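The values are calculated or read from the model by the stated rules, or taken from the named source; none is laboratory data. Every value quoted in this text rests on a predicted model; they were computed, and no experiment measured them. Ideal geometry is used to build each Cβ from the backbone, glycine not excepted, and the neighbour counts take in all protein chains shown.
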Amino acid sequence: MTTGNKKGKNTEGRKEVALTQASGEGEGASKRKMAPVVQSSQPWVEKYRPKQVKDVAHQDEVVRVLTNTLETANCPHMLFYGPPGTGKTTTALAIAHQLFGPELYKSRVLELNASDDRGINVVRTKIKDFAAVAVGSGQRQGGYPCPPFKIIILDEADSMTEDAQACFIFLLGSHCRTLQLM
Ligand SMILES: Nc1ncnc2c1ncn2[C@@H]1O[C@H](COP(=O)(O)OP(=O)(O)O)[C@@H](O)[C@H]1O
Ligand SMILES: [Mg+2]
């Protein structure tokens with residue numbers, strides 16, 4: 001299973017903020033401005049995360065299989081396991097981006113990470129609503145395969161409560177043609 005730092009979701013359009021420091025020491029002081037400090041709102045773990053499956057390092061077999069998956073756009077449910085920091089999240093995010101591209105990504109991919117609630121309510125609300133949205137016929141758009149299903153990236157899935165898991169399995173069963181789980 002994969003993880004996507006929740007903050008990372010909003011960091012694709014990187015913002016650079018020039019900060020100035022206001023001083024309360026009289027009029028003259030208030031006009032004095034500090035040299036601008038450029039700060040990226042993007043953590044390095046996101047900035048340098050490989051964007052494509054082929055750039056995931058030291059996972060040759062995984063990359064080979066997934067490259068084939070991308071070519072055929074035939075994506076089964078997937079379970080990624082392994083020690084922290086070996087590329088599970090990275091790989092899942094890269095597949096999803098390469099399948100749908102930037103335009104469809106938001107409507108076709110639901111990322112749930114460790115900071116999201118893991119109880120049954122999240123399944124009853126977020127996941128159920130996402131599952132209910134219809135998908136188109138699956139035509140290639142903008143150079144991306146855009147297959148006719150949606151993806152749920154469920155990070156740290158083992159932390160889901162048991163009743164949430166049961167509810168989730170039921171949902172997967174009833175939307176088996178249009179939902180893929182990573
Ligand atoms: N196989 C890899 N190839 C390239 N970068 C990697 C790889 N594994 C981890 N990283 C780097 O480490 C960071 C954390 O990886 P992540 O995919 O979140 O690990 P996890 O397996 O814990 O989900 C990513 O930002 C990525 O840049
Ligand atoms: Mg992870």
**Study point:** Any hit, the stretch 103-119, residues being polar (S, T, N, Q), modelled with pLDDT of 95 or more and crowded, with 17+ Cβ neighbours inside 10 Å
**Key:** no
**Study point:** Residues (part of a helix (DSSP H, G or I) and either within 13 Å of ligand 2 (Cβ to nearest atom) or of a type in the set (A, V, I, L, M, F, W, C) (or both)) located in the stretch 46-56
**Key:** Glu46, Val53
Check your understanding: Any chance the stretch 49-59 includes a residue that's at pLDDT below 95 and either of a type in the set (D, E, K, R) or crowded, with 19+ Cβ neighbours inside 10 Å (or both)?
Key -> no
Check your understanding: So which residues in the stretch 133-182 are among the β-branched types (Val, Ile, Thr) and closer than 16 Å to His97 by Cα, if there are any at all?
Key -> Ile151, Ile152, Ile153
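Residues in the stretch 75-90: is at least one among the polar types (S, T, N, Q) and buried (at least 19 other Cβ atoms within 10 Å of the Cβ)?
yes
Restricting attention to the stretch 80-104, which residues are more than 13 Å from ligand 2 (Cβ to nearest atom), in contact with a helix residue (DSSP H, G or I) (Cβ under 9 Å, 6 or more places away or on another chain) and either more than 20 Å from Val56 (Cα to Cα) or touching a residue at least 60 places away in the same chain (Cβ under 8 Å) (or both)?
Taking the stretch 80-104 first, the residues more than 13 Å from ligand 2 (Cβ to nearest atom) are 95-104.
From the residues that got through so far, the ones that are in contact with a helix residue (DSSP H, G or I) (Cβ under 9 Å, 6 or more places away or on another chain) too are 95-100.
Correct list: Ile95, Ala96.
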Practice item. Quickly run through the stretch 60-74 and pick out the residues that are away from ligand 1 (no atom under 15 Å from the Cβ) and either among the acidic types (Asp, Glu) or surrounded by 13 or more Cβ atoms within 10 Å (Cβ to Cβ) (or both). Key: Thr69, Leu70, Glu71, Ala73
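Of all the helices (runs of 4 or more DSSP H) wholly in the stretch 57-137, which have at least 3 residues that are under 19 Å from Cys176 (Cβ atoms)?
88-108, 128-132
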Review point. Do any residues in the stretch 154-168 that are within 14 Å of Leu181 (Cβ to Cβ) have Cβ atoms under 9 Å from those of residues that are within 16 Å of ligand 2 (Cβ to nearest atom) and among the β-branched types (Val, Ile, Thr), where the two are at least six apart or on different chains, and which pairs are they?
Key: Leu154/Thr2; Asp155/Thr2; Asp155/Thr3; Asp155/Thr89; Glu156/Thr2; Glu156/Thr3; Ala157/Thr2; Phe168/Ile152
Check your understanding: If you scan the stretch 122-137, which residues turn out to be without any contact (Cβ under 8 Å) to a residue 40 or more places away in the chain and of a type outside the set (A, V, I, L, M, F, W, C)?
Key -> Thr125, Lys126, Asp129, Gly136, Ser137
